[in-house]
Amino acid sequence: MTEGTDDLNDGLDYSFDASEDEGTSIIKIDEARGASKTGEGDDDKIETEEEGSGESQVINEKKRKSKEKDKLRLKKRQKLEYDAAQKKKLPTETADVIAERLATKVKSQNKDLSSLELGDIYVNKSFIEFTGDWDQPRNLINFPKFLKHYIKESVLLKALSEQKQRKKNKKHKKKNNEEETDERSFAVILSMSAIRACDVHRATRTMNVGSTKLISKNKLKDDITSMRTSSARIIATTPGRFTRILDTEQSPLKASQIKAVICDCYMDPKMQTLWDSKDTISLLRKMCDANEYLRILLY
């Protein structure tokens with residue numbers, strides 16, 4: 001039997017020629033379909049990778065920003081701790097260092113002033129007394145000991161005799177009725193707030209020379225009346241209040257009567273101190289100008 005015929009032998013020729021590519025067309029179509037499917041899968045994969053890459057970038061950016069914030073917080077905390085340490089250390093520094101720190105504070109508080117104008121506010125180091133050799137805690141309990149140790153020569157020992165002399169002068173007034181010259185001398189303790197000034201007053205009122213408080217919660221006229229009659233030689237007050245008293249014409253207190261100023265460098269929980277008030281250094285300068293022998297001590 002010849003190729004291309006069947007077993008029927010019916011005279012019909014069933015032979016045919018197959019096209020060369022006919023047998024492979026189906027395979028090629030299948031391959032094309034497979035390639036198409038494969039291509040679609042690759043596109044999906046690329047899109048997924050791109051989406052994943054975008055999410056990764058967002059996450060990385062958040063991490064970077066978080067690290068930057070943590071660094072800023074750390075720097076801020078370190079600066080606060082450094083500033084707090086410097087404020088606590090200030091009372092134990094030498095006069096040179098204290099004067100320099102106060103000058104820096106003046107500049108930061110008066111940025112609109114010229115160098116010449118700033119010079120009128122600076123406190124000269126010659127007025128500042130070194131107290132770095134005080135080895136006891138600078139707290140309220142030790143305040144009387146500190147005062148007796150450092151200012152007994154200029155104020156505390158003389159104060160008692162001045163009180164007695166003043167009483168004698170009242171009894172034996174001059175016949176021509178001349179006004180009595182008030183030669184009293186005082187030690188002023190400047191604190192950052194009225195509450196702190198009250199605490200200082202309670203800590204020092206048992207001293208022989210006595211203590212009185214001058215704070216803004218009292219009426220100004222009452223404080224002035226109190227100072228006319230009080231025999232106390234230690235004044236616990238705030239910079240703002242004491243400035244007002246000195247500037248009042250009826251005040252019995254004069255800046256020249258202040259022989260010693262004790263700056264209470266107590267720091268509150270917000271890390272604020274006496275030096276954060278603009279009144280403090282300007283008041284010190286005013287008293288320095290009025291009394292060349294003024295002594296400034298930091299506690």
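The values are calculated or read from the model by the stated rules, or taken from the named source; none is laboratory data. Just so it is clear, the structure is predicted and the values come from calculations on it, not from any experiment. Because the Cβ atoms are built from the backbone with ideal geometry, glycine has one as well, and the counts that use them run over all protein chains shown.
With respect to the conditions (1) in a loop (DSSP other than H, G, I, E, B); (2) more than 30 Å from the chain's Cα centre (by Cα); (3) closer than 21 Å to Ser126 by Cβ; (4) not basic (Lys, Arg), Ala232 falls short on a single one, namely (3).
The condition (being over 25 Å from Ile141 (Cβ atoms) and surrounded by fewer than 16 Cβ atoms within 10 Å (Cβ to Cβ)) is satisfied by just one residue among Asn208, Asn218, Asn291: Asn218. Taking the stretch 90-126 as the search range and keeping residues that are of a type in the set (Ser, Thr, Tyr) and in a helix (DSSP H, G or I), which one is surrounded by the most Cβ atoms within 10 Å (Cβ to Cβ)? Top of the filtered list is Thr92. Here are some residues: Asp268, Asp264, Asp276. Which one is in contact with a strand residue (DSSP E or B) (Cβ under 9 Å, 6 or more places away or on another chain), of a type outside the set (Gly, Ala, Ser) and under 28 Å from Glu93 (Cβ atoms)? That would be Asp264, the only listed residue that is in contact with a strand residue (DSSP E or B) (Cβ under 9 Å, 6 or more places away or on another chain), of a type outside the set (Gly, Ala, Ser) and under 28 Å from Glu93 (Cβ atoms).
Across the stretch 246-275, the qualifying residues are those that are polar (S, T, N, Q) and more than 30 Å from the chain's Cα centre (by Cα), and the one among them that is farthest from Asp223 (Cα to Cα) is Ser256.
Here Met227 clears all of (1) more than 26 Å from the chain's Cα centre (by Cα); (2) of a type in the set (A, V, I, L, M, F, W, C); (3) in a loop (DSSP other than H, G, I, E, B) except the condition numbered (3). Close contacts from the stretch 261-288, counting a first residue that is more than 22 Å from Ser211 (Cβ to Cβ) and assigned by TED's automatic domain parsing to the domain that holds Asn139 and a second that is surrounded by fewer than 20 Cβ atoms within 10 Å (Cβ to Cβ) and basic (Lys, Arg), with Cβ to Cβ under 8 Å and a gap of 6+ residues or different chains, come to Met267/Lys87; Met267/Lys88; Met271/Lys87; Trp275/Lys87; Trp275/Lys105; Ile281/Lys105. Would you check if Ile121 is touching a residue at least 40 places away in the same chain (Cβ under 8 Å), closer than 30 Å to Asp289 by Cα and in contact with a Leu (Cβ under 7 Å, 6 or more places away or on another chain)? So Ile121 does not fit the description; no. Residues in the stretch 129-170 that are hydroxyl-bearing (Ser, Thr, Tyr) and at pLDDT below 65 were compared, and the one that is surrounded by the fewest Cβ atoms within 10 Å (Cβ to Cβ) is Ser161. The residues in the stretch 183-229 that are in contact with a helix residue (DSSP H, G or I) (Cβ under 8 Å, 6 or more places away or on another chain), within 23 Å of Ser277 (Cβ to Cβ) and among the acidic types (Asp, Glu) can be counted, and the count is 1. Per this entry, Ile59 is not counted among residues that are of a type in the set (Val, Ile, Thr), more than 30 Å from Leu274 (Cβ to Cβ) and at pLDDT below 55. With respect to the stated conditions, Met192 fails to be surrounded by 16 or more Cβ atoms within 10 Å (Cβ to Cβ), over 20 Å from Leu147 (Cα atoms) and not small (Gly, Ala, Ser). Here Lys278 clears all of (1) under 27 Å from the mean Cα position of the chain (by Cα); (2) buried (at least 17 other Cβ atoms within 10 Å of the Cβ); (3) of a type in the set (D, E, K, R) except the condition numbered (2).
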